1. With an 8 Å Cα cut-off and a minimum separation of 6 or more residues, compute the relative contact order for the stretch 37-92 in percent.
2. Could you grab the relative contact order for the chain? Cα pairs under 8 Å, six or more apart, rounded to a whole percent.
3. Helix 3-34 versus the longest principal axis of the chain: what is the Cα-based angle in degrees, 0 to 90, to the nearest 10?
4. Of the labelled options [x] 7.5; [y] 6.7; [z] 6.1, which one gives mean projected area of the Cα convex hull in nm² as computed for this structure?
5. Just in the stretch 17-98: which GluC sites (Glu not before Pro) are loop by DSSP and have at most 16 other Cβ atoms within 10 Å?
6. Per residue, what accessible area does the chain have, given a 1.4 Å probe and all protein chains present, in Å²?
7. Which FRET efficiency, nearest 0.05, do residue 15 and residue 51 yield, Cβ-Cβ r, R0 22 Å?
8. Write out the chymotrypsin sites (Phe, Trp or Tyr not before Pro) in the stretch 42-84 meeting two conditions: DSSP loop, and at most 12 other Cβ atoms within 10 Å of their Cβ.
Amino acid sequence: MNKDAWYQYFTERKAVADQNAELVEEKFKECEAYTEKVLKKKYPECGVVFTRHAEAIKAGYFTIWIDTGSVTHKNIKLEDCGITPVELNSYPVRPDQA
């Protein structure tokens, strides 16, 4: 086992994971802005759901809550609101699979 190759792999993987997390957070900010600017007109009492937002953004949507006396949730596709889906960076190839 080449420890240097594994160390480099994990260092590169962490860097890619950090970059992808930043990309997701930037996209989530776009979703929040869209909600404030557009969706609040249709659903005055609404907001973006923070729980599991990273998984949702990666899957191409975000979730809002709507309070009309009882709270409901609605998934909004990124494409439907003119937000381009997030393009994540690829992870490096593991040394044992190279």
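The values are calculated or read from the model by the stated rules, or taken from the named source; none is laboratory data. Nothing here was measured: the structure is a model prediction, and the numbers come from that model. Note that we place each Cβ from the backbone using ideal geometry, even for glycine, and neighbour counts take in every protein chain shown. Just the protein is used for accessible areas: all its heavy atoms, side chains included, with ligands, DNA and RNA removed. Shrake-Rupley method; radii C 1.70, N 1.55, O 1.52, S 1.80 Å.
1. Working: 60 pairs, mean separation 14.7, N = 56.
Relative contact order of the stretch 37-92: 26 percent.
2. On the way: 104 pairs, mean separation 31.1, N = 98.
Computed value for the chain: 32 percent relative contact order.
3. So the inclination is approximately 10 degrees.
4. [x]
5. Numbers: sites: 22, 25, 26, 30, 32, 36, 45, 55, 79, 87; in loops: 45, 87.
Answer in residue order: 45, 87.
6. Working: 7060 Å² over 98 residues.
Using a 1.4 Å probe on heavy atoms only, each residue of the chain averages 72 Å².
7. Details: r = 27 Å, r/R0 = 1.22.
Computed FRET efficiency for residue 15 and residue 51: 0.25.
8. Working: sites: 50, 61, 62, 65; in loops: 50.
Answer by residue number: 50.
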